[in-house]
Amino acid sequence: MTSGWLRRHHSNVAMKSFITTLLAGLIGAAAAGVIAYTFLSTSKDSALKEQKDKYESQLKKQRFASDGQQTEQAGRLDKATRSAAVSGSKKDQEIATLQNTLTERDKAIEQLKAKLATPGAIIGTLKTLNPNRGRQRETMRKVIHHFIALEDHGESALPPIRKFLNEGVDIDYGRSTGRDNGGGLGRLAGNGDTDNIDWSSARDYGYKLPAFGISLEPRSLRLGLFEITFNIGGKEAEEILAAALITTGLGIEIVRLGDLLEQLAPDKYKKAMLEAARELITNPLDEDSKRILFALLLKYKDPGLLDLAKGMLINSEGRIDGAALRYLNETLGENAMPLLLAAYRNPNITNPADKVILRDAAMTYVGKNADADQIFREVFDEGLKKAKDSEANPREAWLSLMQAGGALQKGNNLTEDVIRNRQKLLNEYRGNTKNELVERGLDQVNKNLEGRLERLKPKN
């Protein structure tokens, strides 16, 4: 019985032990599972947190960087704005300073103008200043001073100038209009009126238009006012000068007004200027105007007065009009030779100077024109005849011979035919003059002509 109990008892004990062990195992397993779950759960949370922290850290860094850039950009913008504001302020200050300076300058100018004489008063003073009445240099200084003051008034000076020019009065400041400008004929005229020869026609023949603008001193009050009007410029100035052109009675004024108007309005007043010149030359107020106007028409190659010039070539006193002669010669060219030959042979012409300018005009065409060649022969023959005449004026003899010899060398760009024609004329006399000095001169002229032919040969 005991044994059976014991067996049962041991059996129970063993069962209990097994159950205990089993329970223990189950509990352990459960605990382990809990532990494992807890561990896994913790690891997962940790990983998520780490990732979250990393993300937030990166986001923070990005936000910080962005904020930094924005801050930097904002700083730059603020700096630029402040700089611009400072710069703008400086510019505003500079502008304000300049405006104040200009305002002060304008005030000063107005104050100075108030102290200056009016344009009308200045012209009134100029009307009283005549350098021909003594103390010429001092008076001319005052004249120039008042001209400058008048021009400084600008356009406000134009109405008083117009009024004065319409009055038709003037003051001649004593400057030459070019009467003694004999051009190339000065070499023939010598140093003055000698041997009872009147060289006035020669001076008229060689006359050149006066040069303006090379001196501070104007030739007259009116001419000075023309210059001031031109310098002021503008439409009103042009109108004033144009009105003066058609009303003036002086040749020198037509010339100057034509020049000034040509600069203001090219070609606009050329026709009016030439018409004024042609009209005035038929009834000039003075000899200067006639000479000046013929030179003006010659400058423009205007043929409008050819008939008039032909009628004026020889006057009632048997004198040559030098201005008319030059106009005819240079306007007609070779076609003027019959007129010049007839004039040269005219017995009423007795003044040697008139013969000189006729020869000079004609012999430009020696070697080109038969009439010019004939004048050359007559000039040379006359010189040889006087050189042999003991009672003749030797100066006139050598003047004829030298002028003829010079004519053979006269002119630029001569053709071979012209040069050889001149040599033929020369050879009509070489070896036949019976004058050693003349022969020597003819040989030299021929040598010079040969040299010109040599220069015409083509170079290899």
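When S316 is evaluated against the numbered criteria (1) farther than 17 Å from P210 by Cβ; (2) modelled with pLDDT of 95 or more; (3) not charged (D, E, K, R), which criterion, by number, is the only one it fails?
(2)
Scanning for something closer than 23 Å to E279 by Cα, at pLDDT 90 or above, out of contact with any His (no Cβ under 8 Å at 6 or more places or on another chain) and buried (at least 17 other Cβ atoms within 10 Å of the Cβ), does the stretch 331-346 turn up at least one residue?
Yes, that holds for at least one residue.
Only one of these conditions is not met by A342: (1) closer than 24 Å to G411 by Cα; (2) touching a residue at least 24 places away in the same chain (Cβ under 8 Å); (3) not aromatic (F, W, Y). Which number is it?
That leaves (2) as the condition not met.
What are the residues in the stretch 238-266 that are free of Cβ contacts under 8 Å to residues at least 60 places away in the same chain and among the aliphatic types (A, V, I, L, M), if any?
Within the stretch 238-266, L241, A242, L245, I246, L250, I254, V255, L257, L260, L261, L264, A265 qualify.
From the set of residues in the stretch 330-389 that are basic (K, R) and in a helix (DSSP H, G or I), which is nearest to the chain's Cα centre (by Cα)?
In this case the residue turns out to be R359.
Filter the stretch 234-277 for residues that are surrounded by fewer than 18 Cβ atoms within 10 Å (Cβ to Cβ), among the basic types (K, R) and assigned to a helix (DSSP H, G or I) and give the result.
The answer is K235, K270, K271.
Residues that are modelled with pLDDT of 90 or more, more than 18 Å from L260 (Cβ to Cβ) and of a type in the set (A, V, I, L, M, F, W, C): find the helices (runs of 4 or more DSSP H) completely inside the stretch 125-225 holding 3 or more of those.
The helices (runs of 4 or more DSSP H) meeting that bar are 136-152.
What residue, of K386, K310, is out of contact with any Leu (no Cβ under 6 Å at 6 or more places or on another chain), basic (K, R) and in the same structural domain as L408 (by TED's automatic domain parsing)?
The unique qualifying residue is K386.
Kindly indicate whether K447 is outside any helix (DSSP H, G or I), without any contact (Cβ under 8 Å) to a residue 40 or more places away in the chain and of a type in the set (K, R).
no
Can you work out which of the residues in the stretch 418-447 that are surrounded by 14 or more Cβ atoms within 10 Å (Cβ to Cβ) and of a type in the set (S, T, N, Q) is farthest from D373 (Cα to Cα)?
My answer is N435.
If a residue has to be among the aliphatic types (A, V, I, L, M) and part of a loop (DSSP other than H, G, I, E, B) to count, how many in the stretch 398-418 make the cut?
Matching residues across the stretch 398-418 total 2.
The values are calculated or read from the model by the stated rules, or taken from the named source; none is laboratory data. Model, not experiment: these values are computed from the prediction. Neighbour counts run over all protein chains shown; Cβ positions are idealised from the backbone, glycine included.
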